[in-house]
Each structure stands twice: as structure tokens, then as C-alpha cells.
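Undergrad: Quick one: the structure is below, and I'll ask about it shortly.
The values are calculated or read from the model by the stated rules, or taken from the named source; none is laboratory data. Note that the structure is predicted; figures quoted are calculated from it, not measured. Virtual Cβ from ideal backbone geometry, glycine too; neighbours counted across all protein chains shown.
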Amino acid sequence: MHLNARLDTLAPSGIRRYAAMAREVPGCVSLTLGEPGEDTPAPIREAAREELAAGNTHYPPNAGTPALRAAIAEHERGWGLAFAPDDVVLTIGATEALASTFAALLNPGDEVWRCPRRRRTSSCAPTCSRRPSRRGPARSS
């Protein structure tokens, strides 16, 4: 069987390269892939086993199950925050959370300050760009 020759040109993504470098540094706290440095605590593993045994193996609603959203809202009360379960939305990571937040809050033509990625450096220069609108393409300054 012959595979597509283009596979030979593929390289690991930047985040995978950074994760590999972080693993080589003793004591390094790597935040590259969103994976914690310690094992999942035993009570969480046990709860997962119980849910699997109960047959809860299907995709949940996009915003999270009502029971989990209610539990999170209750937990946040301990921090002095008052949220109704309907105010809580779960995401599978920071990228989804940020994208969902921006999609909910920004309208065409709104200004957005961002720090663009730069190759071979960790510095950035803030820029202002406009979200595309029906009036034309996005502008950047």
C-alpha cells in the first residue's frame, strides 16, 4: 500500500514542538496543551467509572448538562458570585471559550485589540482590527 507522498512533508505543529521541549526541562510547568501535570484525582476517576457503568456515554448538550451547570452555579456562590444554571456554559477548552465569547459579544465593525503571534519571538505588538462587516473587508492598523 502506498501512502500519499505529501505525508512526508508534514511536521509537528508548533504547540507540539513546545510541549516536547517542555517535557525535557525538569520542573517545567507546561501550559501548551492544557493538560495538567498531575494525575487525575481518585474521586474524579471513580465518578467517571460510575458514570460509564450507568451508561452515560453519549455527547452532552452543547452548554453542558443541567445538573453540572447547576452544580457549577452553586459552587460559584461560595466565591460570592450569583449565577443561575442557565448563566453557565461549559466549553472543552480556552480556545472554544474565547471564540464563543467573542462571537456572542462582538458585532460587525467593533474594534478588537489583539496581540498577533510572531514567529521566533514571544513578544507582540498590540494592533487594532475591525471585524468584517457587510461594508467591506476588515481593516487593520
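Undergrad: If you go through region 7-15 one residue at a time, do you hit one that is of a type in the set (Asp, Glu) and either in contact with a Gly (Cβ under 6 Å, 6 or more places away or on another chain) or not in a helix (DSSP H, G or I) (or both)?
TA: No.
Undergrad: Same structure, new question: Take region 2-28 and flag every residue that is among the basic types (Lys, Arg) and surrounded by fewer than 10 Cβ atoms within 10 Å (Cβ to Cβ).
TA: 6 - this is the single residue of region 2-28 that is among the basic types (Lys, Arg) and surrounded by fewer than 10 Cβ atoms within 10 Å (Cβ to Cβ).
Undergrad: Considering only region 81-98, I want to know if a residue exists there that is of a type in the set (Gly, Ala, Ser), part of a loop (DSSP other than H, G, I, E, B) and in contact (Cβ under 8 Å) with a residue 12 or more places away in the chain. Walk me through how you get there before you give the answer.
TA: Within region 81-98, the first condition is being of a type in the set (Gly, Ala, Ser), and the residues that meet it are 82, 84, 93-94, 97.
Checking which are part of a loop (DSSP other than H, G, I, E, B) leaves us with 82, 84, 93.
Subsequent filtering for residues that are in contact (Cβ under 8 Å) with a residue 12 or more places away in the chain retains 93.
Yes; the residues of region 81-98 include at least one that is of a type in the set (Gly, Ala, Ser), part of a loop (DSSP other than H, G, I, E, B) and in contact (Cβ under 8 Å) with a residue 12 or more places away in the chain.
Undergrad: Can you find, within region 16-52, the residue that is modelled with the highest pLDDT among those that are aliphatic (A, V, I, L, M) and not in a helix (DSSP H, G or I)? Let's see the steps before the verdict.
TA: First pass over region 16-52, keeping only residues aliphatic (A, V, I, L, M): 19-22, 25, 29, 31, 33, 42, 44, 47-48, 52.
Subsequent filtering for residues that are not in a helix (DSSP H, G or I) retains 25, 29, 31, 33.
Numbers: 25: 87, 29: 76, 31: 72, 33: 73.
Result: 25.
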